[in-house]
Structure formats: structure tokens, C-alpha cells
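Below you'll find the structure, written out as C-alpha cells, and then a few comments.
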Amino acid sequence: MAWDFGNTKEEEAYRQQVAAFLDKELTEEIARQNWEDLGLDKEGRAFGKKLYESGLLGWSWPVEYGGKGLSPVYDFILIDELGKRWSAHVPNDVAYTMVGHTILRRGSDAMKKEFIPRIVRGEIEFGLGYTEPEAGSDLANMKMTAIDQGDYYLVNGQKTFNTESHYADYHWLAAKTDLKASPYKGISLFIVDQHGPGITIRPMITMSGERTNEVFYDDVKVPKNRLVGEVNKGFYYMMEALMSERNYVFTPSRYYPYLNMLLDYAKQTTYLGKPLAEDPMVRQKIAQIAVEIETTQLLSDHARWMEWNHQTMTCEPEITKVVVSEMEQRMVDNAMQLLDQYCQLEEGSKYVPLKGRIEWEFLHSFMTTIGAGTSEVGRGVIATRGLGLPRG
Amino acid sequence: MDFTYTDDQKMLKEAARRFLAGACPNVEWYLEMEKDEKGFTPELWKGMAELGWMGILFPEEYGGIGGGVLDMVTLMEEMGYAALPGPYFSTVILGGCTILAAGSEAQKQEFLPKIAEGALRMTLALSEPATTQFNPSLITVKAKAEGDGWVIDGTKLFVPDANVSDWVVVAARTAGKDTDRDGISLFLVETGAPGVGIALLKTVAGDKQCEVVFNNVKVPKGALLGEAGKGLAAVEKTLQIAAVAKCAEMLGGSNKVMELSVAYAKERVQFGKPIGSFQAVQHLCANMKMATEQSIYITYKAAWMIDQGMPEARKFAAVAKTWVSEAYKKVALIGHQIFGGTGYIVEHAMPIYSRRAKAGEYAFGSPNYQREIVAQELGL
Ligand SMILES: Cc1cc2nc3c(=O)[nH]c(=O)nc-3n(C[C@H](O)[C@H](O)[C@H](O)COP(=O)(O)OP(=O)(O)OC[C@H]3O[C@@H](n4cnc5c(N)ncnc54)[C@H](O)[C@@H]3O)c2cc1C
Ligand SMILES: Cc1cc2nc3c(=O)[nH]c(=O)nc-3n(C[C@H](O)[C@H](O)[C@H](O)COP(=O)(O)OP(=O)(O)OC[C@H]3O[C@@H](n4cnc5c(N)ncnc54)[C@H](O)[C@@H]3O)c2cc1C
């Protein structure tokens, strides 16, 4: 035991393999399908398959389901290498980085056999079905019901902001199974065929062009064996998974490409005959972006390290989440100041700098402090769970 | 990756926590140390020497225990937590590290074991009045070869603890223009030598920063530390360690402020409830926690890189000094906010920490200076 910020030999070898693969196979188009949540198209799926066939997917998953039985560090390395190349996560990432882990922890053997091997191969995707019109931060206030009908559950209600649902194979659904109990003890999780009878999916287009969805259930029959774990434990399972999910989803590495882009821009752009890179204000702003990315990356490294060493995480991944999302907003603001009026130009416009990536990121940066839990709720978690302050 | 202390570091940390809790007993004592010309007590100095802290960074052949920068930051974090006053930092890091980096074998043998024993105090005289912004290569203090030695003339400013030092390492120009990187030489000068004038400055933190005037000060040939004209490299090495050690000290202070404020938020009742149950206060506490947490790992990573001899250490030390300086400042401000009026009173612990946060921010390069280093390291 001693402070160490490097990779082991094995980890470094894996990282290099992944890097070499991605440099060859990860096109800009695929990266953007991934990053911008545009929905995985044919190319994205084909890329996921190639990633698996190259032997680089699934190292952190149990051997009996097709993995290598190694620690999560390998999946974190994979995600970081993707992030460094504009692609924030693995293809089919809800399955691979969120849902899959809960199935492993809580699913029956039959459910694991049915789903995990396909997740490990990167074949299937899930839509995350938590949020409802009246249940955002207050998830326990959900109204969707799943009523036990003996042979099946009958599901009715509406979800909103279910991002991957339009191309996902399955819906990871939270619904009330006990209408009398406190919501914390009356919600269950289900796996539902996303495009089965009775389900209607309507697009919601966000200000950055990402698509998310409303999902309506009208008398949808869900087989009993698609209940995840025990009935009425759903809320607990969601909370149990939350910290780990943040470790996979909020990856500071995805901001390095922006930094590199800005460095090139500052070197190549001149103002009054001098490169921007020589302007002290520009140097300060870019350096501050680097300072924040490097320090945030370490928050993430630390929280993930806790996870793969089986330490109890109280609020560490939450810290990463809040810091990363707010850093993104500051980064964009700094970047836009460097571009000055050109920062307004959208991709495809005449004169657009940096392919419009900064303008897009500006639009996107409004969501990071909200999606997957707002900064306010996050600070509450840090204060109460992390610092032991009394609940208000 | 590993985010844990070694067993030895854990022991060091615990011993330091215990010793310093007794040695720095209360705010009254701090205030006394701030008023006191020396700013520390002989017993305190002796106690630290007995614990082996003076030689923590020196190899065993010079009376040290052969520790690395990671060991040093482990200790510094505790010193910051306790808000330890006195010339430990100046002696061991500014003086000791510079001699270790630049000194001849004979100089190392002469000085380092004495520092390790606690028998000698030192500092580094680098900044000058013209340096409104920190810049280690802006040196106008001149040293001229004369006869068998050198003659030093000029004024140094913001020299920590010169008033209690036996020796001072002086960075003086022996060639070149005022801002040239080359032409800077280091000299070991006794503070009692004729022509050396030391005046204590009045500072926000009550620490002992000095003006040191060299008026026709004659030193022998052997006073030259390292090669003539090539002193800046050793100074920069020392500054890198000093910046990271200062981060650790600020990190310790940050932790202490957070601990005090969170404890207060749990016990202070207004409107019939602990103020820590109000969301506005909870969010302030969360902000402290985030800023502090983000300070820990960058400090230890920078220290680790220096120990590993990695060239990226320059960048990461600068990243750390930028971040931690601003984080500690923010944490101190929040601490005051949580304590309300009571934290504004001079006998309270908060002002000790918030005033030191300010001193730390400007020591060895403010965030503006450090960001410039980061920019250079990014290839700008
Ligand atoms: C682009 C996008 C994609 C998303 N994808 C998915 C998805 O795939 N699946 C899914 O289930 N959900 C998804 N979400 C939903 C997301 O999880 C919610 O938006 C989020 O939890 C916040 O809920 P809300 O939008 O209803 O805001 P509200 O909860 O109504 O919050 C509004 C404001 O009130 C504040 N607030 C609320 N409660 C408190 C409190 N107790 N204390 C202090 N302040 C409070 C919030 O911080 C916020 O500022 C997505 C959201 C977005 C924007
Ligand atoms: C220099 C100075 C001069 C002063 N002069 C005078 C004077 O002449 N006459 C006089 O009568 N008083 C005076 N005061 C007192 C001043 O009015 C109080 O300090 C102030 O009202 C705050 O009260 P407190 O210090 O007890 O802090 P507290 O009320 O204990 O507050 C501590 C923290 O809890 C927060 N907090 C408390 N309640 C809530 C809540 N409901 N929701 C969210 N956060 C909360 C506060 O914002 C603060 O951050 C003076 C104070 C100072 C510092």
C-alpha cells in the first residue's frame, strides 16, 4: 500500500491495446452517435460488435457470462480511452455500465443467463425508465403502476426523458407494485421488451439536438420472470446502483478533446498578427480549463478506485458528478470567450470554428447539472451522506 | 492506482496529529506566536527535531531518514491542519532542499546534518521588491567576484523567517540582464554577517516574512552553492517541492476548517434546528467538501510525480498550486459564513486559517503565476 497514480503493467498493456484499436476503428461519426445520444445507428452497432470481437469488451465481467473476471478498472480504462476520443461511453452504455451491474447483483440466475452474455458482447441496449412528469428529483413520487395479475404484471402509466428508448431493445422500468406502502417500499424494477404491444414512444428533442423520449404504457403485460430481484425492492436497487453508475457515466476524460482543440486553436489563430497563444488572458483561460480537467479526473480516479477495491462510497462519485457538470459549464464559457463572436456559429455555418463543437457543447452543458440528478440534490447527498449533516 | 498511505506514513501522520495538538494548543497561543518576533518556541523546535521531522527529506548519510516528497506532504498536511507557525518550512524545504539540489558534498556534509538535528535554521532569499508578480528569474541583487570571494548587494523581499534563520541562501545575479535565466548564482550567507540587514514585515497572516538587505556583504569563495550562473535550476526544483508542500499545508488547513464548520453546523441551533439542517448551509458544506476533496488527490499526485522523477511534475505541481490555493480560499470563506458573527472575532480559530489561506495563495507563485506554467507545459 502506497500512493500510486500509475497503471499496473497489465492495465497499461490493455490501455494501449484499446487505444490502438480505437485510433483505427472509431470514426468521428460513431463517436458522435455515442456522445450526442443521437441514437446508435448501424455504424454504432457494428462498431460495438467489432469492439467485442477484438476481445476488448467485457474484461471486468464474470467469466461464466463471457467476461474475463477482472476488476472494474478495465472497463474504466476502456471508457476513458473512448472519452479521450470524443466518445463518452461504450456503445449500448445503459446496458453495459448501468443496468447490467444491477442484473448481476440482484437478478435471478435465469435472468443473468438471458441478459448478461448479450450485454457483455455489446449486443443489446436498454432505455432507462425512471423519470415521470411528477417524479423527477423526487423519484419516489412516481405514478406508473405494475399490478400483479397472477401470471403477469399489468403496467400502465407514463415515463418521460427516457433517452435511449427509441433504439433500445429493452426498457429498464421502475413502477409501483405496492400502492399502499411507502414508495420506498413499493417500487419494483422490470425488464420490458421496449417495442412490445401497448407501448408508445414519442420523441422529445432537446435544445442540443439529442433525442430523449416519452414512453406510454397502456395495459402492457410483463411476464413474471421479468421482475428484477425481489418485488418492492426496486427503489433500494436504484439507490444501491447510483454511486457506481456515476463512476461510469461522469467521465472527465471526455473533456480532454476540447482542451486539445482549444490548444490548437490558440496556436493557429492570430489576432493583430500575433497568435492567440501569446495572449496572457488566453493562456490563463486555457490553463484553468486544464487545471479543472486534471483535478476532476483525479476525483473520478479516486471514486472508481474505491469501487474496484470494494470500499464503501458515501458521496465520492456524487462529488465527481456535481464537479464535472459544473466544470463543463465553466469550460464552455471560457472556450467561448476565446472564440469571441465566432462562438455563436453552429456546425455547418460559414466561418464556423472548431466544427461547431463548442457551440454544441454550450447547448449540451445545460443538461449535465440536471440529468441523472441535479446539482442541488447532489449537494444534499454530499452534505447528509458525506458529512453527516441532519436532514432538513 | 492506489490512494493509500504507507504504514510508515500513517504512523507519521498519527504522531504528527498528536504532537501538534499539544504543541499548538489554542488560539491564544497562535495569537501570541503572531505577535512574538520569533513566531515559535525553542521547545516546539526541539520537539520536532526529536521526532526526526527536520531530516525527513535528507538521505541517511546527511543525518536524515531518506523520505520522499510524499512523506513530506503527509507531514505538511498535519502541519497545515494544526496551523503550525515557525520556520520549519523555510529551514527544511527552502534551505535544505536547495542545498541538497545544488550543494557540493562538503556543503551538504556541513549543513544538512545540522538541520536534521535541529541545530540550524535557514531560509531562501529569492523575491525582490521589483517583483510585483512572482518571477524567480527576475533577480537584480548582484554578487561580484572580488579578491578571493564575492560581494553581494541589493534587497530581497518576502523572505520567510529570515529573522530567525542562522543562514540564508541568496539568489544573486553574477551575470546577464535582470530577467535572464542564466547568470543567477546561489550563495550561503550567515544572517549575522556584516552588511546583512533584516526587517520584519507586518503581514496578514502574522507570519514572519522579511526584507533582507545586503549592503556590501563579503562572502568567501566557498559560499557559492553549485555552479556560478547556474543557480536557477536548483531554485526551481526547490520551488516545485515548496509549491506542493504548501498545497499539502493548505489542504490540511482546508480539512480543519471543514471539520470545524461542519461540527458547528451540527450543534448551532437557530430557528429551533441545527443550522446544518438548512439546505443553504448544507450546500455551503457540500461546496467545502468538493473543493477539499479535489485538493487532496492533485496534491498527492504532484508529490508522487516529483518522487518518480517525472517531467510532468512541473505541470502537475502548477496545477496543484493553482487549484489548492483557490480551493482553500473558498473553503475559508465558507467557513466564516457558517460561523456567522462568532467566526469574525479575533480569538476564534477561523481567522487563523483564513489569514493563512491568503498567505498560502501567494507563496511560491499565485494561481496566475502557476497557470502560466501550466500554459507553457501545454505547449502554449
Ligand atoms: C437530456 C436528459 C436526458 C435524461 N435521460 C433520462 C433517462 O434516460 N431516464 C430517466 O429516467 N430520466 C432521464 N432524465 C431525467 C432526469 O433524471 C431528471 O431531469 C432529473 O432527475 C431532474 O428532474 P426534473 O427534470 O423533473 O427536475 P425537478 O426535480 O422538477 O427539479 C427542478 C429544480 O428543482 C430543484 N429541486 C428539486 N428537488 C429539490 C430538493 N429536494 N432540494 C433542492 N432543490 C430541489 C432541482 O435541483 C432543479 O433545480 C433525463 C433528463 C435530461 C435533461
Ligand atoms: C462585526 C459585527 C457587528 C455586529 N454588530 C451588531 C450590533 O451592533 N447589534 C446587534 O444586535 N448585532 C450585531 N451583530 C450580530 C449580527 O447581526 C449577527 O452576527 C447575524 O445576525 C448572524 O447571527 P449569528 O452570528 O448568530 O449567526 P447564526 O444565526 O448562528 O448563523 C450561522 C450560519 O447559519 C446560517 N443560518 C441561520 N439561520 C438560517 C436559516 N433559517 N436558513 C439558512 N441559513 C441559516 C447563517 O446564514 C449563517 O451562515 C454584529 C455582528 C458582527 C459580525
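The values are calculated or read from the model by the stated rules, or taken from the named source; none is laboratory data. Everything quoted here is computed from the prediction, not taken from an experiment. Backbone-built Cβ (ideal geometry, glycine too); neighbour counts: all protein chains shown. Surface accessibility is based on the protein's heavy atoms, side chains included, excluding ligands, DNA and RNA. Shrake-Rupley method; radii C 1.70, N 1.55, O 1.52, S 1.80 Å.
Please determine, by comparing only the residues of segment A:370-382 that are assigned to a loop (DSSP other than H, G, I, E, B) and in contact with a Lys or Arg (Cβ under 9 Å, 6 or more places away or on another chain), which one is least open to solvent (accessible area, probe 1.4 Å).
Keep residues of segment A:370-382 that are assigned to a loop (DSSP other than H, G, I, E, B), which gives A:370-374.
From what is left, the residues that are in contact with a Lys or Arg (Cβ under 9 Å, 6 or more places away or on another chain) are A:372-373.
Numbers: A:ALA372: 66, A:GLY373: 27 Å².
The extreme case among them is A:GLY373.
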Original post:
Looking only at residues in segment B:296-319 that are within 23 Å of A:ILE382 (Cα to Cα) and either free of Cβ contacts under 8 Å to residues at least 60 places away in the same chain or among the hydrophobic types (A, V, I, L, M, F, W, C) (or both), which one is nearest to the other protein chains (Cβ to nearest Cβ)?
Top reply: B:ILE298
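Would you check which residues across segment B:337-364 are within 9 Å of ligand 2 (Cβ to nearest atom) and either part of a helix (DSSP H, G or I) or on the phi > 0 side of the Ramachandran plot (or both) and list them?
Going through segment B:337-364, the residues within 9 Å of ligand 2 (Cβ to nearest atom) turn out to be B:337-345.
The answer is B:GLN337, B:ILE338, B:PHE339, B:GLY340, B:GLY341, B:THR342, B:GLY343, B:TYR344.
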Original post:
Consider B:LYS256 against the criteria (1) surrounded by fewer than 23 Cβ atoms within 10 Å (Cβ to Cβ); (2) within 8 Å of chain A (Cβ to nearest Cβ); (3) among the basic types (Lys, Arg); (4) under 26 Å from B:ILE241 (Cα atoms): it satisfies all of them except one. Which criterion is unmet?
Top reply: (2)
Original post:
Taking interchain pairs and intrachain pairs at least six residues apart, which have beta carbon atoms under 9 angstrom, with the first residue in segment B:96-124 and under 12 Å from B:GLY64 (Cβ atoms) and modelled with pLDDT under 95 and the second open to solvent by 50 Å² or more (accessible area, probe 1.4 Å) and part of a helix (DSSP H, G or I)?
Top reply: none
**OP:** Quick one: count up the residues across segment A:342-363 that are in a loop (DSSP other than H, G, I, E, B) and in contact (Cβ under 8 Å) with a residue 12 or more places away in the chain.
**Re:** 4
Original post:
Of all residues in segment A:1-41, which are of a type in the set (A, V, I, L, M, F, W, C), assigned to a helix (DSSP H, G or I) and modelled with pLDDT of 95 or more?
Top reply: A:ALA13, A:VAL18, A:ALA19, A:ALA20, A:PHE21, A:LEU22
Subject >> strands (runs of 3 or more DSSP E) enclosed by segment B:171-253 - at least 2 residues per element that are touching a Cys at 6+ places or on another chain (Cβ under 7 Å) >> reply: B:196-200
Original post:
Counting just the residues of segment B:228-253 that are more than 16 Å from the chain's Cα centre (by Cα) and aliphatic (A, V, I, L, M), which one comes out most open to solvent (accessible area, probe 1.4 Å)?
Top reply: B:ALA233
Subject >> Residues (open to solvent by 20 Å² or more (accessible area, probe 1.4 Å) and either within 16 Å of ligand 1 (Cβ to nearest atom) or within 20 Å of B:GLU259 (Cβ to Cβ) (or both)) located in segment B:296-322 >> reply: B:ILE296
Original post:
If you check every pair at least six apart or on different chains, which have Cβ atoms under 6 Å apart with a residue in segment B:264-275 that is within 16 Å of ligand 1 (Cβ to nearest atom) first and a residue that is open to solvent by 80 Å² or more (accessible area, probe 1.4 Å) second?
Top reply: none
Original post:
Residue check: is B:ARG173 outside the structural domain of B:ARG355 (by TED's automatic domain parsing) and open to solvent by 30 Å² or more (accessible area, probe 1.4 Å)?
Top reply: no
**OP:** Check off (1) within 14 Å of another protein chain (Cβ to nearest Cβ); (2) at positive phi for A:GLU326 and give me the number that stays unchecked.
**Re:** (2)
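Test A:ARG385 against the criterion of being within 16 Å of ligand 2 (Cβ to nearest atom), open to solvent by 30 Å² or more (accessible area, probe 1.4 Å) and touching a residue at least 12 places away in the same chain (Cβ under 8 Å), and give yes or no.
So A:ARG385 fails the test.
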Original post:
So which of A:ILE116, A:ILE103, A:ILE187 is in contact (Cβ under 8 Å) with a residue 24 or more places away in the chain, in the same structural domain as A:VAL222 (by TED's automatic domain parsing) and either open to solvent by less than 30 Å² (accessible area, probe 1.4 Å) or within 16 Å of ligand 2 (Cβ to nearest atom) (or both)?
Top reply: A:ILE187
Subject >> Residues satisfying the stated conditions in segment B:282-295, i.e. open to solvent by 10 Å² or more (accessible area, probe 1.4 Å) and more than 8 Å from chain A (Cβ to nearest Cβ) >> reply: B:LEU284
Original post:
Does any residue in segment A:364-382 that is under 13 Å from A:VAL323 (Cα atoms) come within less than 8 Å, Cβ to Cβ, of a residue that is within 16 Å of ligand 2 (Cβ to nearest atom) and open to solvent by less than 20 Å² (accessible area, probe 1.4 Å) six or more places away or on a different chain, and which pairs are these?
Top reply: A:GLY378/B:ALA286; A:ARG379/B:GLN282; A:ARG379/B:ALA286; A:ILE382/B:CYS285; A:ILE382/B:ALA286
Original post:
Looking at (1) on the phi < 0 side of the Ramachandran plot; (2) modelled with pLDDT under 95; (3) within 14 Å of ligand 1 (Cβ to nearest atom), which is the only condition A:ALA372 fails?
Top reply: (1)
Original post:
Do we find that A:ALA266 is within 16 Å of ligand 1 (Cβ to nearest atom) and either part of a helix (DSSP H, G or I) or free of Cβ contacts under 8 Å to residues at least 24 places away in the same chain (or both) in this structure?
Top reply: no
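What's the total number of residues in segment A:1-30 that are small (Gly, Ala, Ser) and either outside the structural domain of A:ASP75 (by TED's automatic domain parsing) or open to solvent by less than 40 Å² (accessible area, probe 1.4 Å) (or both)?
Initially, segment A:1-30 is screened for residues small (Gly, Ala, Ser), giving A:2, A:6, A:13, A:19-20.
Those still in the list that are either outside the structural domain of A:ASP75 (by TED's automatic domain parsing) or open to solvent by less than 40 Å² (accessible area, probe 1.4 Å) (or both) too: A:2, A:6, A:19.
Within segment A:1-30, residues that are small (Gly, Ala, Ser) and either outside the structural domain of A:ASP75 (by TED's automatic domain parsing) or open to solvent by less than 40 Å² (accessible area, probe 1.4 Å) (or both) number 3.
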**OP:** Go through segment B:45-69 and give me each residue that's surrounded by fewer than 21 Cβ atoms within 10 Å (Cβ to Cβ) and among the aliphatic types (A, V, I, L, M).
**Re:** B:ALA49, B:LEU51, B:ILE65
**OP:** Mind listing whichever residues of segment B:108-131 are more than 19 Å from the chain's Cα centre (by Cα) and assigned to a loop (DSSP other than H, G, I, E, B)?
**Re:** B:ALA119, B:PRO129, B:ALA130
**OP:** Find the residue count for segment A:274-284, including only residues that are more than 7 Å from every other protein chain (Cβ to nearest Cβ) and part of a helix (DSSP H, G or I).
**Re:** 5
Original post:
Is it true that some residue in segment B:113-123 is among the aliphatic types (A, V, I, L, M), surrounded by fewer than 24 Cβ atoms within 10 Å (Cβ to Cβ) and farther than 24 Å from B:ASP7 by Cβ?
Top reply: yes
Original post:
Quick one: which helices (runs of 4 or more DSSP H) sit completely within segment A:65-158 and have at least 1 residues that are among the hydroxyl-bearing types (Ser, Thr, Tyr)?
Top reply: A:73-83, A:100-106
Original post:
Considering only segment A:285-323, how many residues are within 9 Å of another protein chain (Cβ to nearest Cβ), crowded, with 22+ Cβ neighbours inside 10 Å, within 20 Å of the chain's Cα centre (by Cα) and aliphatic (A, V, I, L, M)?
Top reply: 5
Original post:
Assuming B:GLY147 fulfils every condition listed in (1) on the phi > 0 side of the Ramachandran plot; (2) open to solvent by less than 50 Å² (accessible area, probe 1.4 Å) apart from one, which condition is it?
Top reply: (2)
